[in-house]
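Report on the following structure.
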Amino acid sequence: MHVVSDVHGNVRDLARAGEGADALICLGDLVLFLDYADHSRGIFPDLFGKENADRIVELRTARRFEEAREFGARLWGGIGADRAGAMEKAVRKQYAELFAAFPTPTYATYGNVDMPPLWREYARPGTTVLDGQRVEIGGWTFGFVGGGLRTPMRTPYEIGDEEYAAKIEAVGEVDVLCTHIPPEVPELVYDTVARRFERGSRALLAAIRRTKPRYSLFGHVHQPLTPRMRIGATECVNVGHFAGTGRPWALEW
């Protein structure tokens, strides 16, 4: 089983990600809104140019989120009344390419920057989308929980802690717990390049301790302080490096 997360527009490597595996698991964040390493790539610079992308990255990196929102609002105001339409058009273009690259079979859940309502249109036969659900693969049970928790970034698929906890509860006991965000452990949620703590889930951490899955797989944090650690009997692995490396993580049993 090959596992990827945080694809962020890397269509070329996604098309090869299933090679040599019986199936592919994708833990979300297909869309590339803005590449923090190359500010010329993504929806934002396509719409507003690289100089404006440089500025908003500068503000966000400095954690000046209110200024970043005001700056972004002024840019979007220049587009006019069809802001939502411009965004959806750009996301649709990326989704058409990304979903076409998925091998068969693929099991996928959403990331915090994804737009779940559009997935139903682009997921082809052979791609199973799961959120708060479980599936048996090769004799093991896999549970999937997508999305992220609410942050000042206000990305498209952020939900409340209670709603997220309910999805974790619905999955129940599984062999492999697949989520987009990590459990709330400092070493797992700290991004060493962005130099900030991302949001992890306390409900996920509690479920790991209570149900003891063999593996907890997640992404979201691109350059974690600790990419892998054990919580009791569970091996916790960050697989959120795909956009930068193009390499899936392999799960064998």
Using unit Cβ charges (K, R positive; D, E negative) and no other charged atoms, how large, in debye to the nearest 20, is the dipole of the chain about its Cα centre?
240 debye
For the stretch 10-59, what is the charge dipole size about the Cα centre, in debye to the nearest 20, if Lys and Arg each add +1 at the Cβ and Asp and Glu each add -1 at the Cβ?
80 debye
HN-Hα couplings for the stretch 17-28 via Karplus (6.51, -1.76, 1.60; θ = phi - 60°), in whole Hz with x for Gly/Pro, come out as 5, x, 5, x, 10, 7, 6, 10, 10, 10, 9, x
For Arg63, what accessible surface area do you get with a 1.4 Å probe? Give it in Å², rounded to 10.
130 Å²
When only the heavy atoms of the protein chains count and the probe is 1.4 Å, how do Thr155, Thr106, Thr192 rank by accessible area, highest first?
Thr192, Thr155, Thr106
Straight-line reach check, Lys89, cutoff 16 Å on alpha carbons, 8 or more apart in-chain or any other chain, hits among aspartates and glutamates -> Asp46, Glu97, Asp114, Glu121
At a 1.4 Å probe radius, which order do Glu97, Glu51 fall into by accessible area, largest first?
Glu51, Glu97
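Which percent of the accessible area of the chain is formed by carbon and sulfur heavy atoms (probe 1.4 angstrom)?
Summing carbon and sulfur atoms, their accessible area is 49 percent of the total for the chain.
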Kindly sort Thr179, Thr211, Thr104, Thr61 by accessible area of their heavy atoms, largest first, with the probe set to 1.4 Å.
Thr104, Thr61, Thr211, Thr179
Modelled FRET efficiency - R0 30 Å, Glu88 with Glu19, Cβ distances, 0.05 increments
0.40
How would you rank 202-208, 3-9, 88-94, highest first, on the average number of other Cβ atoms within 10 Å across their residues?
3-9, 202-208, 88-94
Find which of Phe33, Gly85, Val7 sits farthest along the positive direction of the dipole of the stretch 1-131, computed with +1 on the beta-carbon of Lys and Arg, -1 on that of Asp and Glu, about the Cα centre.
Gly85
Which residue, Pro45, Pro103, Pro224, has the most motion in a Gaussian network model of the chain that connects Cα atoms within less than 10 Å?
Pro45
Alpha carbon centroid spacing (whole Å) that separates the stretch 116-157 from the stretch 1-78:
19 Å
In the chain, what percentage of the DSSP-assigned beta bridges are antiparallel, given to the nearest 5?
40 percent
Can you tell me the length gained on complete extension of the stretch Ala194 to Asp54, counting 0.36 nm per residue apart and subtracting the Cα distance?
48.9 nm
For the pair Glu173 and Met153, how long in nm is the line joining their label points, each one 7 Å along Cα→Cβ?
3.5 nm
Which whole-number value in Å² is the accessible area per residue of the chain, probe 1.4 Å?
47 Å²
Heavy-atom accessible area of His180, protein chains in place, probe 1.4 angstrom, given in Å² to nearest 10, is 0 Å²
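The values are calculated or read from the model by the stated rules, or taken from the named source; none is laboratory data. The structure presented is a predicted model; accordingly, all values stated were derived computationally and were not measured. Virtual Cβ from ideal backbone geometry, glycine too; neighbours counted across all protein chains shown. Ligands, DNA and RNA are stripped out before the accessible areas are found, and what is left, the full protein with its side chains, is counted by its heavy atoms. Shrake-Rupley method; radii C 1.70, N 1.55, O 1.52, S 1.80 Å.
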